[in-house]
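Single-structure report; data block below.
Please treat every number below as a calculation from the coordinates, not as lab data. Owing to the predicted nature of the structure, the values given are computational and were not obtained by experimental measurement. Don't worry about glycine lacking a Cβ; one is built from the backbone with ideal geometry, like all the others, and counts go over all protein chains shown.
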Amino acid sequence: MENLLFLFNTWMKFMFLFMPFFALTMFLSVTEDYSNEKRNGLAMHVVLAVAGLCIGLLFFGDIVFALFGITLDAFRVGAGALLFISAIPLVQGKRGSLSVKDDEDVAIVPLAMPVVVGPATIGALLVLGGDISGITQRVLGCVAVVMASVVLWVILRMGTSIKNRVGGRGLRVMARITGLVLSALAAQMVMMGIKNYF
């Protein structure tokens, strides 16, 4: 039961860290002139890149901390502050659009990184990786990443249908809700880091 709760909590964190509805608006703006087949192929490439990046960050977070001599609590404060800064434009609805060339490979840059896995998300992933202890939790963390990536893939695949149903305003509302949850997660990270430091 404890492992299932950990899996669910970690999956939910990744779901909000990925900012799927903001990612969807960026994805639709980039693929506006794409055929359905090309758009679906790009969605798969984006999700595979996101999953690979996140699993790598989860497993190598400890090495990063040891290499630079940074404590986990110090990183919590820094990553939490960065995550909060990233959440503010989402709440205000001021995130910009992407401009890319037709022949540019956009799956990894800019869609996978930094749209889905931006600096704030990287920081949060490193903190989560530092918090995870034991092989069981690491495996469950990877499962949570895969689950969140699958949901992101479904959202991107159904992007046009979702936009037609909820409209641009609906997407902005969902992005703002995501921003509110991210700001709460950021505050929790900062407070935990300060508490543990003292």
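Okay, here's what the table says:
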| item | result |
| --- | --- |
| Low-density loop cleavage sites - chymotrypsin sites (Phe, Trp or Tyr not before Pro) in segment 1-57, where at most 16 other Cβ are within 10 Å (DSSP) | 34 |
| Per-bin percent of Cα-Cα distances, segment 2-197 [5 Å] | 1, 8, 16, 19, 20, 16, 10, 6, 3, 1, 0 |
| Selection of GluC sites (Glu not before Pro), segment 1-69, meeting DSSP coil and at most 12 other Cβ within 10 Å | 32 |
| Environment charge of residue 44, counting only residues whose C-beta is closer than 12 Å and scoring Lys/Arg +1, Asp/Glu -1 | +2 |
| Principal axes of segment 153-198: Cα extent on each, largest first, Å | 50, 21, 7 |
| Segment 18-144: relative contact order in percent, alpha carbon pairs under 8 Å with at least 6 residues between | 47 percent |
| Helix axis angle, 36-68 relative to the chain longest principal axis, alpha carbon, degrees | 20 degrees |
| Förster-model FRET efficiency, 25 Å R0, residue 29 and residue 105, C-beta, rounded to 0.05 | 0.90 |
| Packing-based order for 66-78, 114-126, using average beta carbon neighbours within 10 Å, highest first | 114-126, 66-78 |
| For the chain, calculated [θ]222 nm from helices alone, where every DSSP H run of n ≥ 4 adds -39500 (n - 2.57) | -27500 deg cm²/dmol |
| Dipole of segment 2-197 [Lys/Arg +1, Asp/Glu -1 at C-beta], most positive-end residue of 197, 108, 48 | 197 |
| Percent RCO, i.e. relative contact order, over segment 78-198, from Cα pairs under 8 Å lying at least 6 residues apart | 59 percent |
| Dipole in debye (nearest 20) - the chain, about Cα centre, beta carbon charges: Lys, Arg +1; Asp, Glu -1 | 660 debye |
| Most fluctuating residue given options 55, 135, 177, as computed from a GNM of the chain linking Cα atoms under 10 Å | 135 |
